[in-house]
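First up is the structure itself, then whatever we jot down about it.
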Amino acid sequence: MRINKNDQVLVLIGRNNGKKSRVISIDKENEKVTVEGVNIVHKFVRRSRRNPQGGRLSMEMPVSVSNVQLICPFCSQPTRVGFRFDADGTKYRVCKKCKADINIISRSKKKITKSPK
Ligand SMILES: [Zn+2]
């Protein structure tokens, strides 16, 4: 996945086209992301014990990851995400615009050493 939880993204579809917001959750299997305030649906809820008022609930629905673009925290531009491997095998997410390392995806397995008991 090119998008992580808490990333700032630019939304490229629908009513929210052009909106910048934060990723609340990701669904790796379906390649979907849920973005704060984006693709909101309203659910009407009957009165029940849990919801004595009933009424309208609003919640965000996930959108396809291809419909959002990461905003690089370094150059603040909507950008494509690349990947980079260090000499020791550490994998980074990189901004294709400014080439900055956005974050580490996985550290080199060589470096993981268990502490002796
Ligand atoms: Zn950048």
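The values are calculated or read from the model by the stated rules, or taken from the named source; none is laboratory data. Bear in mind the structure is a predicted one, so any value in this text is a computation, not a measurement. Backbone-built Cβ (ideal geometry, glycine too); neighbour counts: all protein chains shown. Ligands, DNA and RNA are excluded from the accessible area calculation, which covers all protein heavy atoms including side chains. Shrake-Rupley method; radii C 1.70, N 1.55, O 1.52, S 1.80 Å.
For the reader, a short list of remarks on this structure follows.
- For segment 1-71, size of Cβ-based charge dipole, Lys and Arg +1, Asp and Glu -1, in debye: 480 debye
- What a 1.4 Å probe finds exposed on the chain is 48% carbon and sulfur by accessible area, rounded to a whole percent.
- Scalar couplings 3J(HN,Hα) for segment 21-30, obtained by applying the Karplus form with A = 6.51, B = -1.76, C = 1.60 to θ = phi - 60°, are 7, 10, 7, 8, 8, 10, 10, 5, 4, 9 Hz; x denotes Gly and Pro.
- Normalised convex hull volume, the chain, alpha-carbon set, Å³ per residue: 165 Å³
- Placing dummy labels 7 Å off each Cα toward the beta-carbon, the span from Lys5 to His42 is 3.0 nm.
- Here's the picture: charge each Lys and Arg Cβ at +1 and each Asp and Glu Cβ at -1 in the chain, and of Ser66, Ser106, Val9 the one pushed furthest to the positive end of that dipole is Ser106.
- The orientation-averaged projection of the convex hull spanning the C-alpha atoms of segment 1-54 amounts to 5.2 square nanometres.
- Selected from Pro73, Pro52, Pro62 as most flexible by GNM, with the chain as the system and alpha-carbon contacts under 10 Å: Pro52
- Computed with a 1.4 Å probe over protein heavy atoms only, the accessible surface of the chain comes to 74 Å² per residue.
- Flagged links, alpha-carbon separation over 25 Å, of Lys20/Lys91; Lys5/Lys99; Lys19/Lys91; Lys32/Lys91: Lys20/Lys91; Lys19/Lys91
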